[in-house]
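Structure first, then comments.
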Amino acid sequence: MGLLHLSAVVQCTVIAAVLGVLIGVAVYRSPIGSALATALASTILTIPSFALLGLLIPIVGLGTEPTVIALVLYALLPIVRNTIVGLGGVDPAVADAARGIGMSRLGVLTRVEMRLAWPAILAGMRVATQMLMGIAVIAAYAKGPGLGAPVFTGLANAGSANALNNAIAGTLGVVILALLLEGVYFVINRLTVSRGVRG
């Protein structure tokens, strides 16, 4: 169950990162577009997990599908917002200098702006991952994968001999996996962010 929980969170974070970065790149130069994208992602985050799953189940059924859709939607806000902030915070003089030496607009974006914005994007992914670790527990409501099953079993059988043990086992599993992923993000940050950018 732990590996399924970890896999679901990591895969959904990656999907959300791809979508979130694309959205951020598309709107970061437009104040209206940036505000709209952030507002829409924020609105999704205000929907309670049970309510969102309840809306998705009649459409896509039980199991993995509603879990993946819900987790990806919930992960978008920190990634979209940090992408916009990171790209918007790049010194225009740096981009102008890159264009001055012959770089195309795409080259400036991918080789200069995205690299400088990467620490902010990575921070957004880290926040999204930690959020999803807890939200993924609710996926058990939709028969999704992960550590939600023992937690829900414990709550459903409150008062029985193993109810507390089940709930604690599932909760501790989530905490341990969250700490593990935090360590992975630390390593990724050290390997992919230059010392000069880290400050």
Inset, instruction - Please determine, by comparing only the residues of the stretch 79-113 that are of a type in the set (A, V, I, L, M) and modelled with pLDDT of 90 or more, which one is nearest to Ser30 (Cα to Cα). - result: Ile84
Inset, instruction - Could you pull out the residue among Thr67, Thr83, Thr43 that is among the polar types (S, T, N, Q), within 14 Å of Cys12 (Cβ to Cβ) and either within 19 Å of the chain's Cα centre (by Cα) or part of a helix (DSSP H, G or I) (or both)? - result: Thr67
Inset, instruction - Would you check if Ala117 is surrounded by fewer than 18 Cβ atoms within 10 Å (Cβ to Cβ), part of a helix (DSSP H, G or I) and not aromatic (Phe, Trp, Tyr)? - result: no
Legend entry - Verdict on Leu181 being under 20 Å from Leu3 (Cα atoms), open to solvent by less than 60 Å² (accessible area, probe 1.4 Å), modelled with pLDDT of 85 or more and in contact with a Gly (Cβ under 7 Å, 6 or more places away or on another chain): no
Legend entry - Failed condition for Gly24, given (1) free of Cβ contacts under 8 Å to residues at least 60 places away in the same chain; (2) of a type in the set (Gly, Ala, Ser); (3) part of a helix (DSSP H, G or I): (1)
Legend entry - Where a residue in the stretch 98-118 is under 12 Å from Gly86 (Cβ atoms) and its partner, wherever it lies, is open to solvent by 70 Å² or more (accessible area, probe 1.4 Å), with Cβ under 9 Å and at least six apart: Leu116/Asp91; Ala117/Val85; Trp118/Thr192
Legend entry - Where Ala163 falls short, out of the listed (1) at pLDDT 75 or above; (2) touching a Ser or Thr at 6+ places or on another chain (Cβ under 9 Å); (3) among the hydrophobic types (A, V, I, L, M, F, W, C); (4) over 18 Å from Thr64 (Cα atoms): (1)
Legend entry - Considering residues of the stretch 188-199 that are aliphatic (A, V, I, L, M) and surrounded by 10 or more Cβ atoms within 10 Å (Cβ to Cβ) only, the residue modelled with the lowest pLDDT: Val197
Legend entry - Scope the stretch 66-114; condition basic (Lys, Arg) and open to solvent by less than 20 Å² (accessible area, probe 1.4 Å); matching residues: none
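The values are calculated or read from the model by the stated rules, or taken from the named source; none is laboratory data. Computed from a prediction, not measured in an experiment: that's the story for all the values here. Here the Cβ is made from the backbone with ideal geometry for all residues, glycine too, and neighbour counts use every protein chain on show. Just so you know, the surface numbers come from the protein's heavy atoms only, side chains and all, with ligands and any DNA or RNA stripped out. Shrake-Rupley method; radii C 1.70, N 1.55, O 1.52, S 1.80 Å.
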